[in-house]
Amino acid sequence: MKFALIGYGKMGKEIESVILEQNKDDEIVLKISDTNLHELTVENLKKADVAIEFTQPNSAVSNIYKCFEAGIPVVVGTTAWLGRLEEVKTQCAVQNGAIFFSPNFSIGVNIFWEVNRKLAQLMNAQVQYDISMEEIHHLEKKDAPSGTAVKTAEVVLEELTRKEKWFLRTEKNQLGATEIPIIAKREPDVPGTHIVTYTSSVDYIEIKHEAKNRRGFAEGAVMAAKWMVGKKGIFEMTDLLGL
């Protein structure tokens, strides 16, 4: 297989390592970083079987559209662009494209979401428990809360009917009875930690996912990229993992 890596920072280099370790016959035909953005062309993208995109929210959608135009599937790990998801879905249909997106490609995180879904169902009747969330990432993380934390909150909100929305908790704002607070911390060398806590007057229940490194994210992205070859449409990790 031939891969295009749109975004060649820490994640891009980890993805490259996974690709080359898994199959020495696979080839990375395009690597785009801030130093060679002029090489991100439809013509160059056509040399690849699939693209993996890990860049910034302000460039993700235009990168996706170039992949649609080139006729290759794109796996998107960039977060904080989903406000334009409906627009991207429309364009995907118009151009008969293929996109796989997820706020987190870790298999463990996707299982974490399903466990939280089930727990929220059980907690729906247990009104004595209140919920809070916390996420911790490295200092270079741009968005807060993280895409993974937002997805976790959305999963819970689908099941926990006494809560209506999430909000980013700071020292200044106040918690509302129908809100889920998310605390976002930035610390050196933290790949990603997410904690969901239910607290009552007598106990608490905590579910935690802590990434040891970026490897799990990279392996999931490569798995998705290989799975996407030959497909058309819009896909997520639930499709890949059968969750």
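Once you have the Kirkwood Rh of the chain from its Cα pairs, apply Stokes-Einstein at 20 °C and 1.002 mPa s and quote D in µm²/s.
Result for D is 113 µm²/s.
Taking the Cα centre of segment 67-173 as origin, work out the dipole magnitude from +1 charges on Lys and Arg Cβ and -1 charges on Asp and Glu Cβ, in debye rounded to 20.
With only Lys, Arg, Asp and Glu charged at Cβ, the dipole is about 120 debye.
Could you tell me whether segment 50-177 comes out rounded, prolate or oblate from its Cα gyration tensor? Rule is a ≥ b ≥ c as square roots of the eigenvalues, rounded for a/c under 1.5, then prolate if a/b exceeds b/c, otherwise oblate.
It is prolate, given that a/c is not under 1.5 and a/b is the larger ratio.
Order of K46, K24 from fewest to most other C-beta atoms within 10 Å? Walk me through the numbers on the way to the answer.
Numbers: K46 15, K24 8.
Starting with the residue having the fewest Cβ neighbours, the order is K24, K46.
Over all directions, the average projected area of the alpha-carbon convex hull for segment 107-210 comes to how many nm²?
Its Cα hull, projected and averaged over all orientations, spans 6.7 nm².
Cα axis of helix 85-94 to longest principal axis of the chain: angle in degrees, 0 to 90, nearest 10?
30
Quick check on the exposure proxy: order W113, W227 from fewest to most C-beta atoms within 10 angstrom.
W227, W113
Multiply the residue separation of E159 and N44 by 0.36 nm, subtract the distance between their alpha-carbon atoms, and state the gained length in nm to one decimal.
Between E159 and N44, full extension yields an extra 36.9 nm.
Between rounded, prolate and oblate, where does segment 150-243 land on the alpha carbon gyration tensor, with a ≥ b ≥ c its root eigenvalues, rounded for a/c under 1.5, else prolate if a/b exceeds b/c?
prolate
Name the shape class, rounded, prolate or oblate, that the alpha-carbon gyration tensor gives for segment 1-73, where a ≥ b ≥ c are the square roots of its eigenvalues, rounded holds for a/c under 1.5, and otherwise prolate holds if a/b is larger than b/c and oblate otherwise.
The shape class here is oblate.
Considering only DSSP beta bridges with both partners in segment 89-243, what is the antiparallel share in %, to the nearest 5?
55
Go through K10/K163; K31/K212; K2/K165; K163/K185; K24/K118 and tell me which ones have a Cα-Cα distance over 31 Å in this structure.
K10/K163; K2/K165; K24/K118
At what distance in nm do the modelled label points of N213 and E140 sit from each other, each positioned 7 Å from its Cα along Cα→Cβ?
1.6
Roughly how tilted is helix 57-70, in degrees to the nearest 10 and between 0 and 90, from the longest Cα axis of the chain?
Approximately 40 degrees, to the nearest 10.
Quick note: the coordinates plus some simple rules give every number you see, no bench work behind them. Everything numeric here is computed off the predicted structure, so don't read it as measured data. For neighbour counting, all protein chains shown are included, and Cβ atoms are generated from backbone atoms with ideal geometry for every residue, glycine included.
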